[in-house]
Amino acid sequence: MQAGKFSLHLVVAYFKSGIAPVVLLILAISSLLPAFPQHAVVSFSAEEPDYYQELYQEQQDYIETGLIDDMPAYLQEITREQARALDSVVNASDSQAYYAGIAQYTDTLIATYDNGNLVGTDRQSLVAEKNLYSALSKLADPQLYHDSSEMPALPYTCYVFAQISPIIWLILPLSCAAFIQAITKRPHLLGGAPVSTPEATIADLAVPSLLPPVLLMVALLPAFLFVGSREGFGSTLYPVVFVQNCQVIQTTVGTTLLCQLSLFFCACVFISSVTLLLSQVSQNAVFSLVVTACLCLLPTMDSYFNVLYQNDMTAQLKTFLPLTYLSFGHIAGYPGAFPSLDILPFEGASFQTGVAVLLVSAAVIVAIALGASHLVSAYRAHRRVNYDA
């Protein structure tokens, strides 16, 4: 029996067990909940027009009353630039001009910050705001969302994938990997199938690595279609701006969705390899499931990413620890990412690092699992020889 046919038998057995439909239902319901009101998007957002009207009036007063003459020359120039930017905001003819004006005004705030005349914020947040407003102004219908129920389907999918706890999404690879290890270790099930050890190992890794991403897209489809029918599907070019590892990252919803799915796939590969190793060592699928699930829960703890709980050594370690990237949803960013919060506050940590760490770790674990399997087989053969003797 070839690895492909054996993999197909594993997929059929997984669906016949009834686990897949239950997990899909849980994920579908979870992804639908933020589509209803009262799920506020925690983000910076353009203040009401009245706010900019007041700022504009203040700047005009400085200029008209001559107070600007008492300022240093560089502040006079910045104040005039702010007045011009705010004028374009309050007199904007459409939302594109409105956000372009805010981006211009935010640029003057960056200049003020660089000159040491602005406190209470940080440069990264200002740059993130400027980049977001500038990118929004280039869209055909720019809009900021204050509640996830307002989002079109594409930004919404990207948002919920990041905001829902990763352990919910990881139910798919955890259940799939544990089930496959359970049935392939029992001789009266698929454990007695006429398949070589290498082919069985390939199937044990391939199915829980490839099947969950496909099922994930199936689980997200009801929410995607429901939101799309209500709010439209949106654009893949909608900007995603966030701070990661002290750097301002600017990308789009389309790119972010691909990155999120890629990290999820890498997480599935890693989970499959860990489950394989634990199953080879313990010969107990339940034990491997519990231990792997506990590992997946660790990065969901608040203290894991909180810089208050880190020192230089632990932060550097977590950069190259695969558990860091099991909290995969938000690592690639999402619409409404808060700019003053560093999404991944470990030096050197990034989406690219996460992909490399997860795949390299999985390869090492698989090698260890194969070695452990060989040792276990050799030990059992040795015991049989001694018993027969």
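The values are calculated or read from the model by the stated rules, or taken from the named source; none is laboratory data. Since we're looking at a predicted model, the values are computed, not measured. As a convention, Cβ positions derive from the backbone with ideal geometry for all residues, glycine included, and neighbour counts pool all protein chains shown. For accessibility, only protein heavy atoms count, side chains too; no ligands or nucleic acids. Shrake-Rupley method; radii C 1.70, N 1.55, O 1.52, S 1.80 Å.
For Phe226 and Glu48, the difference between the fully extended length at 0.36 nm per residue and the C-alpha to C-alpha distance is 61.1 nm. Charge tally for Cys246 (other residues, Cβ to Cβ under 12 Å; Lys, Arg +1; Asp, Glu -1): -2.
Given a 1.4 Å probe and every protein chain left where it sits, what share in percent of the accessible area of the chain is carbon and sulfur? Don't skip to the end; give the middle numbers.
Working: 11690 of 18720 Å².
The C+S portion of the solvent-accessible surface of the chain is 62 percent.
Here's how it looks for Thr252: its modeled amide H is under 5 Å from those of Val240, which are all 5 or more places away or on a different chain. Take the Cβ-Cβ distance between Glu77 and Ala363 as r, set R0 to 56 Å, and report the resulting FRET efficiency rounded to the nearest 0.05. The value I calculate is 0.45. Packing, taken as the mean count of other beta carbons within 10 Å per residue, orders the peptides 30-36, 152-158 from highest to lowest as 152-158, 30-36. Springs join every pair of Cα atoms under 10 Å in this Gaussian network model of the chain, and among Ser17, Ser288, Ser95 the largest mean-square fluctuation is at Ser17. Dividing the summed helix terms, -39500 (n - 2.57) for each DSSP H run of n ≥ 4, by the number of residues in the chain produces a 222 nm estimate of -22000 deg cm²/dmol to the nearest 500.
Between the listed residues Thr324, Gly120, Leu210, the Cα displaced farthest toward the positive end of the dipole of the chain, a dipole computed from Cβ unit charges relative to the Cα centre, is found at Leu210. Of Gly228, Gly101, Gly66, the residue with the greatest mean-square motion in the GNM of the chain, using alpha carbon springs below 10 Å, is Gly66. Working from label points 7 Å from Cα in the Cα-to-Cβ sense, the Asp302 to Glu64 distance is 4.9 nm.
The equivalent ellipsoid of the stretch 142-188 has semi-axes of 39, 8, 6 Å, largest first, where each one is the square root of 5 times an eigenvalue of the Cα gyration tensor.
So how far, in whole Å, is the C-alpha centre of the stretch 236-278 from the one of the stretch 101-177? The distance from the Cα centre of the stretch 236-278 to that of the stretch 101-177 comes to 16 Å.
So I have (1) 20.8, 77; (2) 26.6, 107; (3) 20.6, 66, and one of them is Rg and Dmax of the Cα atoms in Å calculated from this model. Which one is it? Only one listed value fits the structure, namely (2). Among Thr256, Thr292, Thr65, the largest mean-square fluctuation in a Gaussian network model of the chain (Cα springs under 10 Å) belongs to Thr65. Scattering from the stretch 1-117 was approximated by placing one identical point on each alpha carbon and applying the Debye formula without solvent; log10 I(q)/I(0) at 0.09, 0.17, 0.18 1/Å stands at -0.51, -0.92, -0.98.
If a/c stays under 1.5 just call it rounded; otherwise compare a/b with b/c (prolate if a/b is bigger, oblate if not). Do that for the stretch 77-168, with a ≥ b ≥ c from the square roots of the Cα gyration tensor eigenvalues. Oblate is the answer for the stretch 77-168, as a/c is 1.5 or above yet b/c matches or exceeds a/b.
Restricting to the chain, what percent of DSSP beta bridges are antiparallel, rounded to 5?
90
Hydrophobic long helices, here whole DSSP H runs in the chain with Kyte-Doolittle means of at least 1.6 and Cα atoms spread over 24 Å or more along the helix axis, are found at 253-282. In summary, the lysines within cross-link reach of Lys138, defined as a Cα separation below 26 angstrom excluding same-chain residues under 8 places away, comprise Lys130.
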